[in-house]
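Here is the structure we will look at, set down as structure tokens.
Values in this text are rule-based calculations from the coordinates and carry no lab data. Just so you know, these numbers come straight off a predicted model, no measurement behind them. Neighbour counts run over all protein chains shown; Cβ positions are idealised from the backbone, glycine included.
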Protein chains: 2
Amino acid sequence: MRPTRALARANALTPTVRAALASAAATADAGPSQATVNGWVRSVRAHKNVAFAEVDDGSGDSVQAVLKGRTAEGITLGSSVRLSGTLSPSRGRGQALELQVSDARVLGPSDPDAYPIQKKALPAPLLREHAHMRFRTTQTAGVMRVRDALARDWHDWFEDHEFVHVHTPILTSSDCEGAGEVFTLSQSLPGPEGSPAPFFPRPTNLAVSGQLHLEAPTHALGRTYTLSPAFRAEPSMTSRHLAEFYMLEAEVAFVDTLDGLLDVAEAAFRGVLSRLLAYDSRRATRARADLAKIAQTLAAEQGEGESGGEGEAAGPLDHLLAAATTPFARITYTDAVALLADEHAVVPFEHAPTWGDGLSSEHEKWLAGTHFNGPVFVTDYPAALKPFYMLPSGPEAAAAAHGPTVACFDLLFPGIGEMAGGSMREHNLDALRARMAASGLSEHEYDWYLDLRRFGSVPHGGWGMGWERWVCWVTGVGNVRDVVAFPRWAGSCRF
Amino acid sequence: MRPTRALARANALTPTVRAALASAAATADAGPSQATVNGWVRSVRAHKNVAFAEVDDGSGDSVQAVLKGRTAEGITLGSSVRLSGTLSPSRGRGQALELQVSDARVLGPSDPDAYPIQKKALPAPLLREHAHMRFRTTQTAGVMRVRDALARDWHDWFEDHEFVHVHTPILTSSDCEGAGEVFTLSQSLPGPEGSPAPFFPRPTNLAVSGQLHLEAPTHALGRTYTLSPAFRAEPSMTSRHLAEFYMLEAEVAFVDTLDGLLDVAEAAFRGVLSRLLAYDSRRATRARADLAKIAQTLAAEQGEGESGGEGEAAGPLDHLLAAATTPFARITYTDAVALLADEHAVVPFEHAPTWGDGLSSEHEKWLAGTHFNGPVFVTDYPAALKPFYMLPSGPEAAAAAHGPTVACFDLLFPGIGEMAGGSMREHNLDALRARMAASGLSEHEYDWYLDLRRFGSVPHGGWGMGWERWVCWVTGVGNVRDVVAFPRWAGSCRF
């Protein structure tokens, strides 16, 4: 038997490129420092007696390695290396320090002709075919780090405001939207005498939302949220839809009015953006550096020429700053339709805005983009457009001339359209039962949901947001397929 | 159109019970303070002229309300209330302040005879039948808050050590374990001419692990992890298995040896425990208060009599403190089998320990509980017991006399058995292909996984942990079904 070990090494992890550069910069006055870095070769320029390689380990910073003589052997695009040498002031553009390599080891070779990730920007559809490799691009690596940082900011906001994160179930017999676009499971087990028996006694599907389940702990914990996977078996092939995606959903008890709920949601969105813009936050500083790099790759992809100009780095934060510092507009659906009708009379939309119809994507983008030029809550939609659990509108928003409305909102963002949607929930038992009956839903199936109204019901509301849309809006990436590690959509579940 | 609003109210959320009590305590020198609290009535004692109600809003603290005359009307067990009054020093046991109620409003009534959650401890199986309501018990509410706090501690540890959280996919065509116990999807879409077409071109199942997918971003970001749902369609009915559960999985590039990987894992586990024990952390202080309350309910459930003794509050932290401050033992599988065989010769196990067989639960519990009395890494299991992707053991652990072993570990915890498992991954392309062929796996299906070894392969390793087991071990709750919001197991997918 080996003896038990003394304390695990204080730092079992070797320093990242970022850490090595920071350490060398901090001790620069004492002269060049020795360092060993690991990473992947993102580009290589070979001259007669020297080669320059950009080595990236995913920590957010890369280092230029200067390879003389035989140290450059085998150092090709895409290979992985362990390099030791001296970190010294660089004469090159774009970095303060470079690694003068004294010892080089190729950990894993890479045939540069076969390597699918080239230094130049590749088209997004091609990269999706290599989703397992596109993490090695500046854009996808940056998006993954930003996606992570954004989630941490939301988690922190919720913790600071006493929300409890609850993992809502994926497997469920309840279907929040009442729609048919759900993935179903058909699982069986060997039953007695070898005949198959169902794994679950009732039809089971994958959650399209965690909301109904989240309402249960909300009736005990007061404020809850979840960042969980959700699934829609819809054949949408747009840039805004995935078959598998993440949803950020929050529920708040003891909020009495829709305006009160909007106040909470707006405080959350703007609070989270403020965190991303904070100048005393290491996380935010790193995320902003990634946002600037992502913006450069997007510009290159769109053929806006080479990056590097002074003005470009500030651009990627402008929309974040505007949304963080400007109150979100609020307008009822009825008033929004009137606004859209006025516009339609001058510059026609493809679809005429009509009370009782949903807002189309062009309407939403006109409202948030052209008219309000910022995030806008559209409230109090027709009840007929919305699911059974929404509370009727308060008197100030009643649209009796048209028909009943409900105390709900869609939060529209410029360029995106619907970013989030929420509502007050019907908390009166009899009213909810009536709505369920009118919607043709089985009371038996939702008996547990009705229990929340039978025992200690409270006024409450909540909202949900498609997580990938949020990442798209923050980063400027135009397609949700490019902000998720392994995207799944109708016809595509590779890897 | 309504005008856009000025800044959303600075605090759109009403104060929680916890915040109200903290605020009143901070200003106690200035005399009693006015407060309005919302919450659910957890118990009520009615006397002739006065009633006492414990009001809990899930924030972690409850308040005793003193209701005189008509203010007590309708205040029943399980009802939800909004109470206004004066927070004054209490003469009652167990709280510093009580609310002298001047105005009471019942938000949602509750028939105390029908209400399924009674003040006394209820059996866990009965509470599972009311999973939507058991959040209203001290134990489940506390477990939900602790589960949340534990996740935040892990997230913080990973962020501090430069790991990126990546959402691995749930829908997949790859099966990490090579086992058949997967949930499969059979989804179709209306195809051309009305005939159904499959939603995805290949058979698709729910992830049993995120590991293989996590290895891809690890080959670009360096250090990654995920806390994601995983699914096993196995009919296990034990206290340690669920059909749907969460897994915490981490991957680390540029770690060269199994001992180095153990160093990282041990640093993570002990670092996270240190956070939970930190005395300057608000999160940890709250979590420890919940752990003490959970321990009391567990003791009551087990019939250990009434709680309240001085000694009990310290107990729930003892196992955490021991694990945080004591190095984890490390032993090879081969040496562990020899140890077990020695013990078996004196006090026989049910299953004889035999080289080549897996360790049984009794073996694991003896090792971690009786012998090492703390967490122990058992390393270098026989290759035949482990999946294809594991690296062969290094020379120091080679067990040539018995057969080949792999550079893997199971981390055993007292009372739990297997808490986590991990390994070095085979990073040599040809060696991996040979293992796949020997395992009967299709190279075509795993071509993307092989690409990670074709281009810039690096030595790497990782581990995974069943999240519910971690929550069980920390809280002392004995069944994973009781630390998850809505548990799913074979035959049960209610709600």
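Brief remarks on what is shown
- Taking amide H positions as modeled 1.01 Å from N, with prolines and chain starts lacking one, the residues under 5 Å from residue A:390 and 5 or more places away or on another chain are A:426.
- Total charge dipole magnitude, the protein assembly as shown, about the Cα centre, Cβ charges on Lys, Arg, Asp, Glu only, Debye to nearest 20: 1200
- Cα-based Lys proximity count in the protein assembly as shown, under 17 Å, for pairs eight or more positions apart or on separate chains: 6
- Cα convex hull of the stretch B:136-482, projected area averaged across orientations, nm²: 21.5
- Its Cα centre serving as origin, the stretch A:136-482 has a Cβ charge dipole (Lys and Arg +1, Asp and Glu -1) of approximately 720 debye.
- Evaluating 6.51 cos²θ - 1.76 cosθ + 1.60 at θ = phi - 60° for every residue in the stretch A:339-346, the Karplus couplings come out as 4, 5, 5, 4, 5, 4, 5, 9 Hz, glycine and proline recorded as x.
- With a Förster radius of 30 Å applied to the beta-carbon distance between residue A:111 and residue A:90, the computed FRET efficiency rounds to 0.55.
- Sum of -39500 (n - 2.57) over DSSP H runs of 4+, divided by residues of chain A (222 nm, nearest 500): -9000 deg cm²/dmol
- Counting beta carbons within 10 Å around each of A:279, A:333, A:449 and listing the fewest first gives the order A:279, A:449, A:333.
- Coupling constants for the stretch B:263-272 follow from the phi torsions by the Karplus curve (6.51 cos²θ - 1.76 cosθ + 1.60, θ = phi - 60°), and in residue order they are 4, 5, 5, 5, 4, 5, 4, 6, x, 5 Hz; glycine and proline get x.
- Placing unit charges on the Cβ atoms only, positive for Lys and Arg and negative for Asp and Glu, gives the stretch A:15-115 a dipole magnitude near 260 debye about its Cα centre.
- Full-extension gain in nm, residue B:129 to residue B:321, via 0.36 nm per residue minus C-alpha separation: 65.7 nm
- Taking label positions 7 Å along the Cα-Cβ direction at both residue A:431 and residue B:386, the computed distance is 6.0 nm, reported to one decimal.
- In plain terms, the residue of A:343, A:364 with the fewest other Cβ atoms within 10 Å comes first and the most crowded comes last, giving A:343, A:364.
- Scanning residues 5 or more positions from residue A:406 or on other chains, those with amide H under 5 Å from its amide H are A:381, A:383, A:393, with H placed 1.01 Å from N in the peptide plane.
- Between the amide H of residue A:456 and those of B:80, B:110, distances stay under 5 Å, these residues lying 5 or more places away or on another chain, with hydrogens modeled in the peptide plane.
- Simple rule: put +1 on each Lys or Arg Cβ and -1 on each Asp or Glu Cβ in the stretch B:136-482, find the dipole, and look at B:217, B:260, B:238; the Cα lying farthest toward the positive end is B:217.
- Label-to-label distance for residue A:33 and residue B:401 is 4.8 nm, based on points extended 7 Å past Cα in the beta-carbon direction.
- Each Cα pair under 8 Å and six or more residues apart adds its sequence gap; the mean of these over the residue count of chain A is a relative contact order of 13 percent.
- Cβ-defined net charge surrounding residue A:83, 9 Å radius [Lys, Arg +1; Asp, Glu -1]: +1
- Going from the residue with the fewest nearby Cβ atoms within 10 Å to the one with the most, B:436, B:144 rank B:436, B:144.
- Taken one residue at a time, the phi angles of the stretch B:236-248 give Karplus couplings (6.51, -1.76, 1.60, θ = phi - 60°) of 4, 10, 7, 6, 10, 10, 10, 6, 10, 8, 9, 10, 9 Hz. Gly and Pro are set to x.
- Applying 1/(1 + (r/R0)^6) with r as the Cβ-Cβ distance of residue A:193 and residue B:173 and R0 = 25 angstrom yields a FRET efficiency of 0.15.
- Toward the positive end of the charge dipole of chain A, with +1 on the Cβ of Lys and Arg and -1 on the Cβ of Asp and Glu, the farthest Cα among A:161, A:13, A:284 is that of A:13.
- Cα shape, the stretch B:337-495, gyration tensor, a/c 1.5 rule: oblate
- Cβ-defined net charge surrounding residue A:435, 14 Å radius [Lys, Arg +1; Asp, Glu -1]: +1
- Tensor-based shape of the stretch B:371-432 (alpha-carbon gyration tensor, a/c under 1.5 rounded, otherwise prolate or oblate): prolate
- Tensor-based shape of the stretch B:214-289 (alpha-carbon gyration tensor, a/c under 1.5 rounded, otherwise prolate or oblate): oblate
- Per residue, the convex hull volume that the Cα atoms of the protein assembly as shown enclose (Å³): 206
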